[in-house]
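> Below is a structure I'd like to ask you about.
The values are calculated or read from the model by the stated rules, or taken from the named source; none is laboratory data. Quick caveat, the model's predicted, so the values are computed rather than measured. FYI the Cβ positions are ideal-geometry reconstructions off the backbone, even for glycines, and counts take in every protein chain you see. Accessible surface areas use protein heavy atoms only, side chains included; no ligands, DNA or RNA. Shrake-Rupley method; radii C 1.70, N 1.55, O 1.52, S 1.80 Å.
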Amino acid sequence: MRVYLDNAATTPLDPEVFETIKPFMLEDFGNPSSTHAHGRKVRAAIESARKKVAELLNCTPGEIIFTSGGTEADNAIIRCALATYDIRHIISSPIEHHAVTHTIEHLVDDGKAQLHHVNLDEKGHVDLDHLGELLTKYPGALVSLMHANNEIGNLLDIKAVSDLCAEHSAFFHSDTVQTVGHYRHDLKELQVCGMTAAAHKFHGPKGVGFMYIRKDRKIHSFIHGGAQERSMRGGTENVYGIIGLAKALEIAYRDMDEHKKYIQGLKDRMIELLREQIAGVQFNGDSANPERSLYTVLNVSLPESDEGDMLLFNLDLQGISASGGSACSSGATTGSHVLGALYPQSKRGAVRFSFSKYNKPEEIDYAVSKLAEMYKVTA
Ligand SMILES: Cc1ncc(COP(=O)(O)O)c(C=O)c1O
């Protein structure tokens, strides 16, 4: 049996998405910037994809800029917001994705900004009172806090943070890569200035994403070149990617309630089975709390063991693909910076299981039974 439980790293492409992309790979190959019929057809498809994304997120098409994925979108917003608004203070947390932490580190090293970390509680949630204090001290700062943590699944109260940031005229960027396509974002309601998405996290193609930039918080261009993406991001568009992204998002919204219920059921099943079969099992962050964590992610904390370092390797040998850290560094031997920040002294093993609509209950049962065998401490 081969089981894929690493859907926070990437998800399989939905066959419906593939069918939508196919004609643009084979027949409709024009360059969308060309003014002849071949180009116009593709331009129309890109603009209708943008319109679709904007409708789903309740914003305007001009606020959606397609990118190569989440990393580029995070880089673009953080770097360009700072430059555009001459911002000198950044408020963020140590458990953001590396697309954010490393971008900020570079800016700080270059002397362009000072970083202020917001306090986290013992479960890894942002302390909103402390955020309020920092905002009072540094009004107009750039605040970068992710909507959902890709490793532990913790959900941010994005509405409360966006209101707080608006009160203090801060530029609020939220990495929403793990929530776009899994939760509904109403951008008329949320006062977020910039947010990001990657299509491969919701059964779309890899190498494509978007950034949302609120129209009254425009930023300078990130990639200079042609006038593509309203001169915000030069370069011939990833046509298949953009069309696939919009289709994947449409499907995600169409089936969201049903899939959310189904996937939460898989997660609940795994929590229950792990508690039954492995003595001393715990869950990292607020991973086991259905109210405040992603329904797609469960981060399991396992009792200390000599085999701890070999956990993912042994799971892989048993046919189970899971991850021990962030999606982008799965398989890496360096520890997780998120777990390191929350549990600096811990020697417990950790596995992140992440689920999708394609997983089956028997796959959950199989993964738990193999993990329990490795620990051989059945209750
Ligand atoms: C929270 C978060 N932000 C950003 C990214 C980067 O996205 P991409 O790999 O599409 O550039 C990821 C991918 O794992 C992620 O989980």
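> Tell me which of these ARG88 doesn't satisfy, since it passes every other one: (1) near the ligand (Cβ under 9 Å from one of its atoms); (2) under 16 Å from ALA141 (Cβ atoms); (3) out of contact with any Asp or Glu (no Cβ under 7 Å at 6 or more places or on another chain).
(1)
> So SER93 clears everything in (1) in contact with a strand residue (DSSP E or B) (Cβ under 8 Å, 6 or more places away or on another chain); (2) away from the ligand (no atom under 16 Å from the Cβ); (3) open to solvent by less than 20 Å² (accessible area, probe 1.4 Å) except one condition, right? Which one?
(2)
> Which one of these does ILE65 not meet: (1) closer than 17 Å to ALA199 by Cβ; (2) in contact with a His (Cβ under 6 Å, 6 or more places away or on another chain); (3) not small (Gly, Ala, Ser)?
Tallying (1) closer than 17 Å to ALA199 by Cβ; (2) in contact with a His (Cβ under 6 Å, 6 or more places away or on another chain); (3) not small (Gly, Ala, Ser), ILE65 fails exactly one: (2).
> Something else: One residue is enough: does the range 186-198 have a residue meeting the conditions farther than 24 Å from LEU245 by Cβ and touching a strand residue (DSSP E or B) at 6+ places or on another chain (Cβ under 6 Å)?
So far as the range 186-198 goes, no, none of its residues is farther than 24 Å from LEU245 by Cβ and touching a strand residue (DSSP E or B) at 6+ places or on another chain (Cβ under 6 Å).
> So is LEU13 within 25 Å of the chain's Cα centre (by Cα), outside any helix (DSSP H, G or I) and at pLDDT 95 or above or not?
Taking the combined requirement at face value, the residue satisfies it.
> Looking at the range 166-190, which of its residues are within 13 Å of the ligand (Cβ to nearest atom) and either over 18 Å from VAL297 (Cβ atoms) or without any contact (Cβ under 8 Å) to a residue 60 or more places away in the chain (or both)?
HIS173, SER174, THR176, listed by residue number.
> Checking the condition closer than 26 Å to PHE355 by Cβ and away from the ligand (no atom under 16 Å from the Cβ), which residue from PHE18, PHE29, PHE24 passes?
Being closer than 26 Å to PHE355 by Cβ and away from the ligand (no atom under 16 Å from the Cβ) holds for just one of PHE18, PHE29, PHE24, which is PHE18.
> ALA9 fails exactly one of the following numbered conditions: (1) of a type in the set (A, V, I, L, M, F, W, C); (2) open to solvent by less than 10 Å² (accessible area, probe 1.4 Å); (3) farther than 17 Å from LYS247 by Cα; (4) within 16 Å of the ligand (Cβ to nearest atom). What is the number of that condition?
Every condition holds for ALA9 apart from (2).
> What number of residues in the range 349-379 are within 17 Å of GLU272 (Cβ to Cβ) and among the hydroxyl-bearing types (Ser, Thr, Tyr)?
Of the residues in that region, 4 qualify.
> Is it the case, given these coordinates, that PHE18 is assigned to a helix (DSSP H, G or I) and either of a type in the set (Phe, Trp, Tyr) or in contact with a strand residue (DSSP E or B) (Cβ under 8 Å, 6 or more places away or on another chain) (or both)?
Against the criterion (assigned to a helix (DSSP H, G or I) and either of a type in the set (Phe, Trp, Tyr) or in contact with a strand residue (DSSP E or B) (Cβ under 8 Å, 6 or more places away or on another chain) (or both)), PHE18 qualifies.
> Which ones in the range 195-219 are away from the ligand (no atom under 11 Å from the Cβ), outside any strand (DSSP E or B) and of a type in the set (Val, Ile, Thr)?
Residue satisfying the conditions is ILE219 alone.
> Is at least one residue of the range 229-249 touching a residue at least 60 places away in the same chain (Cβ under 8 Å), assigned to a loop (DSSP other than H, G, I, E, B), crowded, with 21+ Cβ neighbours inside 10 Å and among the charged types (D, E, K, R)?
Looking through the range 229-249, at least one residue is touching a residue at least 60 places away in the same chain (Cβ under 8 Å), assigned to a loop (DSSP other than H, G, I, E, B), crowded, with 21+ Cβ neighbours inside 10 Å and among the charged types (D, E, K, R).
> Which residue pairs have Cβ atoms closer than 8 Å, lie 6 or more positions apart in sequence or on different chains, and pair a first residue in the range 69-96 that is within 30 Å of TYR240 (Cβ to Cβ) with a second residue that is aromatic (Phe, Trp, Tyr) and at pLDDT below 95?
What qualifies is GLU72/PHE222; ASN75/PHE222; ALA76/PHE222; ARG79/PHE222; CYS80/PHE222.
> Could you grab me the full set of residues in the range 265-304 that are open to solvent by 50 Å² or more (accessible area, probe 1.4 Å) and part of a loop (DSSP other than H, G, I, E, B)?
Those that are open to solvent by 50 Å² or more (accessible area, probe 1.4 Å) and part of a loop (DSSP other than H, G, I, E, B): PRO290, GLU291, ARG292, GLU304.
> Would you tally the residues in the range 33-77 being assigned to a loop (DSSP other than H, G, I, E, B) and either under 24 Å from GLU189 (Cβ atoms) or more than 16 Å from the ligand (Cβ to nearest atom) (or both)?
Final tally of qualifying residues: 7.
> Let me ask you something else. Of the residues that sit in the range 123-154 and are without any contact (Cβ under 8 Å) to a residue 60 or more places away in the chain and assigned to a loop (DSSP other than H, G, I, E, B), which one is surrounded by the most Cβ atoms within 10 Å (Cβ to Cβ)?
Applying the filter and picking the extreme gives MET146.
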